[in-house]
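The values are calculated or read from the model by the stated rules, or taken from the named source; none is laboratory data. No experiment lies behind these values; they were computed from the predicted model shown. Quick reminder, even Gly has a Cβ in these numbers, built from the backbone with ideal geometry, and neighbours come from all protein chains shown. Calculation scope for accessible area: heavy atoms of the full protein, side chains included, ligands and nucleic acids excluded. Shrake-Rupley method; radii C 1.70, N 1.55, O 1.52, S 1.80 Å.
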Amino acid sequence: MPEENLENLSPFRRFQSEFAYFCSRFPAKGLFLTLLACWIGLFVFLGNSTLGYVNSASVFGWLDWVLWLPNTEETYIAFILPIVLALFWWKREQLINVPKRHWWPSLLIILTGLAFHIIGFSAFQ
């Protein structure tokens, strides 16, 4: 954390300062944001292959449909994103201190997963 005195700041200002510091230490922001945009685009246009439940190819459309259904087994889905974000925030110091480097074989893993997703989506159409 930066050396400034955070004790005198309001909780919101403290959060802003810590979030800005965390973002400044995040490596390859452009690559990360590009991959995130591609991932979101993939799941908006080719995310839901079972159009029988809800008529939307978007996994986010399916998610919206599931969240508003009463008494379903999938109601826990609403808690996943806040829990993951809370865990990232809780472990932010450890994430900042991890040595950052590219591991290029991971690109092969991502491309393999992408191919499986597209093949699986096409098979159910």
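Here is a check on your reading of the model: is Leu42 surrounded by 10 or more Cβ atoms within 10 Å (Cβ to Cβ), free of Cβ contacts under 8 Å to residues at least 40 places away in the same chain and out of contact with any Cys (no Cβ under 6 Å at 6 or more places or on another chain)? No; evaluated as a whole, the condition is false for this residue.
Here is the figure for the range 88-125: residues that are within 20 Å of Val44 (Cβ to Cβ), at pLDDT 85 or above and part of a loop (DSSP other than H, G, I, E, B) total 0.
Being assigned to a helix (DSSP H, G or I), surrounded by fewer than 11 Cβ atoms within 10 Å (Cβ to Cβ) and modelled with pLDDT of 80 or more holds for only one residue in Phe12, Phe22, and it is Phe12.
Evaluating Trp62 against the criteria (1) at pLDDT below 85; (2) assigned to a loop (DSSP other than H, G, I, E, B); (3) open to solvent by 50 Å² or more (accessible area, probe 1.4 Å) leaves one unmet condition, (2). Within the range 73-94, the set of residues being open to solvent by 90 Å² or more (accessible area, probe 1.4 Å) and touching a helix residue (DSSP H, G or I) at 6+ places or on another chain (Cβ under 8 Å) comprises Phe88 only. Select from the range 105-125 the residues that are farther than 30 Å from Glu18 by Cα and not aliphatic (A, V, I, L, M) and list them in ascending order. Within the range 105-125, Pro105, Thr112, Gly113, Phe116, His117, Gly120, Phe121, Ser122, Phe124, Gln125 meet the criteria.
Is it true that some residue in the range 76-83 is under 20 Å from the mean Cα position of the chain (by Cα), assigned to a helix (DSSP H, G or I) and of a type in the set (Gly, Ala, Ser)? Yes, the range 76-83 contains at least one residue that is under 20 Å from the mean Cα position of the chain (by Cα), assigned to a helix (DSSP H, G or I) and of a type in the set (Gly, Ala, Ser).
Taking (1) closer than 19 Å to Leu114 by Cβ; (2) open to solvent by 60 Å² or more (accessible area, probe 1.4 Å); (3) part of a loop (DSSP other than H, G, I, E, B); (4) hydrophobic (A, V, I, L, M, F, W, C) in turn, Ala57 satisfies each apart from (2).
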